[in-house]
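Enquirer: One structure follows; several queries about it will come next.
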Amino acid sequence: MSIFHEIAEQFLVPKQLRFPKQGLKDIDSIILNLETLQEDLKLLLAKIHNLEPDAVPSEEPLIPLLCEIITDIWRAYKRTLEPNTQEPYPELRRIYRPLQSIFDTLAREEFELIDRTNQKYDIGLTEKVLAAEKKMGLDHDIISEMIKPTIFYKGNLVQRGEIIITTPEN
């Protein structure tokens, strides 16, 4: 198991943050470990950055590992946000900042994460539809949930997003 997976497992229990919103007793430790994770990610990104210029990113063995880690961090990040406002919960604001900093680092390294939650669904999108649910009152299909974000590296698709769509009930 990689150091990145060990760190992720320390703070992500299957796909969600380990702490309850009402009892953040060890928040300083969580923040310190997120900062350590960011430094470790920078080392991995440096290895990826030094690939041959003509290398196909999707064929580099480190890319799938990095996509898994990015997906876990993205899931943790999404859980810090209030669904209605997409602003961080007040009690999770201190954790939100280091998570946002990790995404800033990824953006500087030319990683682009796409989250299409609540957007109109079109058949030509790159995302894989895992399920479709019907709902009254809709006039078009929408992406009701992203299971995995779509990830591009230097403009190349390296992870196909996974979605659940909601369709109009006729």
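Enquirer: Rounded to the nearest 5, what % of the DSSP beta bridges within the stretch 111-170 are antiparallel ones?
Expert: Numbers: 13 of 20 bridges.
So the antiparallel bridges amount to about 65 percent of the total.
Enquirer: For the pair Glu39 and Asp115, how long in nm is the line joining their label points, each one 7 Å along Cα→Cβ?
Expert: Distance between the two pseudo-spin positions: 2.7 nm.
Enquirer: Also, quick follow-up: Listing Phe111, Phe103 from the residue with the fewest other Cβ atoms within 10 Å to the one with the most, what is the order?
Expert: Working: Phe111 22, Phe103 15.
Fewest-to-most Cβ neighbours within 10 Å comes out as Phe103, Phe111.
Enquirer: Under a point spin-label approximation (7 Å from Cα along Cα-to-Cβ), what is the Lys134-Phe152 distance to one decimal in nm?
Expert: Result: 3.6 nm between the two label points.
Enquirer: Another one. Which ordering of Lys148, Lys154, Lys134 is given by a fewest-first count of other beta-carbon atoms within 10 Å? Write down the numbers at each step before the final one.
Expert: Working: Lys148 20, Lys154 13, Lys134 10.
Ordered by Cβ neighbours within 10 Å, fewest first: Lys134, Lys154, Lys148.
Enquirer: For an R0 of 35 angstrom, estimate the FRET efficiency from the Cβ-Cβ distance between Thr167 and Leu81 and round to the nearest 0.05.
Expert: On the way: r = 26 Å, r/R0 = 0.73.
Plugging the Cβ-Cβ distance into 1/(1 + (r/R0)^6) gives 0.85.
Enquirer: Separate question: For Val158, Val129, what's the fewest-to-most ordering of other Cβ within 10 Å of each Cβ?
Expert: Val129, Val158
Enquirer: Convert each backbone phi in the stretch 70-86 into a coupling constant with the Karplus relation 6.51 cos²θ - 1.76 cosθ + 1.60 (shift: θ = phi - 60°), then list the ³J(HN,Hα) values in order as whole Hz, x for Gly and Pro.
Expert: Rounded to whole hertz, the list is 4, 4, 5, 5, 4, 4, 4, 4, 4, 6, 8, 9, 6, x, 6, 10, 6.
Enquirer: Also, I was wondering about something else. For labels at Asp122 and Ala46 in the simple 7 Å Cα→Cβ model, what's the distance in nm?
Expert: Calculated label separation equals 4.1 nm.
Enquirer: Let me ask something else. Relative contact order for the stretch 111-170 using alpha-carbon pairs under 8 Å, separation at least 6, rounded to a whole percent? It would help to have the intermediate numbers written out before the result.
Expert: On the way: 136 pairs, mean separation 26.0, N = 60.
Here the relative contact order equals 43 percent.
None of the figures in this text is laboratory data; all of them are computed from the coordinates on show. Quantities reported herein were computed from a predicted structural model and do not represent experimental measurements. Because the Cβ atoms are built from the backbone with ideal geometry, glycine has one as well, and the counts that use them run over all protein chains shown.
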